[in-house]
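**Q** Structure incoming, see below.
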Amino acid sequence: MTMPNEQALMIRDVHIADRPRERLIKQGAVSLSNQELIAILLRTGTREESVLHLANRVLKQFEHLHELKHAAIEEMTAINGIGEAKAVQLLAAIELGRRLASKQTDERFTIRSPKDAANYLMDDMTSLKQEHFVCLFLNIKNQVMHRQTIFVGSLNASIVHPREIVRP
C-alpha cells in the first residue's frame, strides 16, 4: 500500500478496511506487501510519520528484503524511528522465518554425497557476504546431527586449521 503523500498520512487516517492488520485478518498474510508486513511487526510509527512510511524506510535501508536476514541490531537502531525494542521485534521475526524455512526438521537429513551437503547448506549460504567454513557433524547413518560455522573468513577465503574442525 503506497500512498502519494504517505508521510503526512497516518495509519489512523487510512480507512479501517485498508489497514494492514485488518487486511491480514480478512485476506490473509499473502495479500500484504513487504512494507505492510513490516508495518504490522513495528506496530507504531512516530509522531511525525506513519508506521507504513517507517516500514518503507526500513526496506529502502536494506535495499532487498533478504538483506534484512543479515541486519545487526546496530544497523536497525541507526534508522530514525527504530529503537531497540522495534529492532529486537524485527530481528526475532526474521530469525523465526529463517528457522521455518530451514531444512532441519524432526527427521534428520542424510548426506550421501557432496551434492547432498551442498543442497543442505545452499539456502542459508547463498546470500552470505563472506566465506564461511561450515562443518556438518554426522552420525553413523550419515544423518546430520549438528551444523556449526567454524570460521568466517574474508570475501573469498577461509583458512582453517584441522584442530578447529576436530575441537567441536
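The values are calculated or read from the model by the stated rules, or taken from the named source; none is laboratory data. Predicted, not measured: the structure shown is a model, and the values here were computed from it. Neighbour counts run over all protein chains shown; Cβ positions are idealised from the backbone, glycine included. Only protein heavy atoms, including side chains, enter the accessible area calculation; ligands, DNA and RNA are left aside. Shrake-Rupley method; radii C 1.70, N 1.55, O 1.52, S 1.80 Å.
**Q** Return the lysines within reach of Lys141: Cα separation strictly under 26 angstrom, same-chain partners fewer than 8 residues apart disregarded; answer none if there are no such residues.
**A** Lys103, Lys115
**Q** Pulled fully out, how much extra length does the chain show between Ser154 and Ala101, if you take 0.36 nm times their separation in residues and subtract their Cα-Cα distance?
**A** So the extension gain works out to 16.4 nm.
**Q** Are there GluC sites (Glu not before Pro) in segment 70-157 that DSSP puts in a loop and that have at most 12 other Cβ atoms within 10 Å, and which ones?
**A** Glu107
**Q** Let me ask something additional. Could you please put Leu100, Leu121, Leu9 in sequence from largest to smallest accessible area, using a 1.4 Å probe?
**A** Correct descending sequence by accessible area is Leu100, Leu9, Leu121.
**Q** Further question on the same structure: For segment 35-94 and segment 131-168, write down the distance between their C-alpha centroids in whole Å.
**A** Answer, in whole Å: 33.
**Q** Contour minus end-to-end for His146 and Thr126, with contour as 0.36 nm per residue of separation and end-to-end as the Cα-Cα distance?
**A** Working it through step by step, the gained length comes to 5.2 nm.
**Q** Based only on Cα atoms, what mean projected area does the convex hull of the chain have, in nm²?
**A** For the Cα atoms of the chain, the hull's average projected area reads 12.9 nm².
**Q** Which order, highest average first, do 53-65, 19-31 follow once you tally other Cβ atoms within 10 Å for each residue and take the mean per peptide?
**A** Packing proxy ranking, top to bottom: 53-65, 19-31.
**Q** Shifting gears a bit: Can you find, among Gly81, Leu52, Phe137, the residue farthest towards the positive end of the dipole of the chain? Put +1 on the C-beta of Lys and Arg, -1 on that of Asp and Glu.
**A** Phe137
**Q** Where in segment 69-168 are there trypsin sites (Lys or Arg not before Pro) that are in a DSSP coil and have at most 15 other Cβ atoms within 10 angstrom of their Cβ?
**A** Lys103, Arg108, Arg112, Lys129, Lys141
**Q** Let me ask something else. Tell me the angle of helix 114-125 to the major Cα principal axis of the chain, expressed in degrees between 0 and 90 and rounded to the nearest ten.
**A** Once rounded, one gets 30 degrees.
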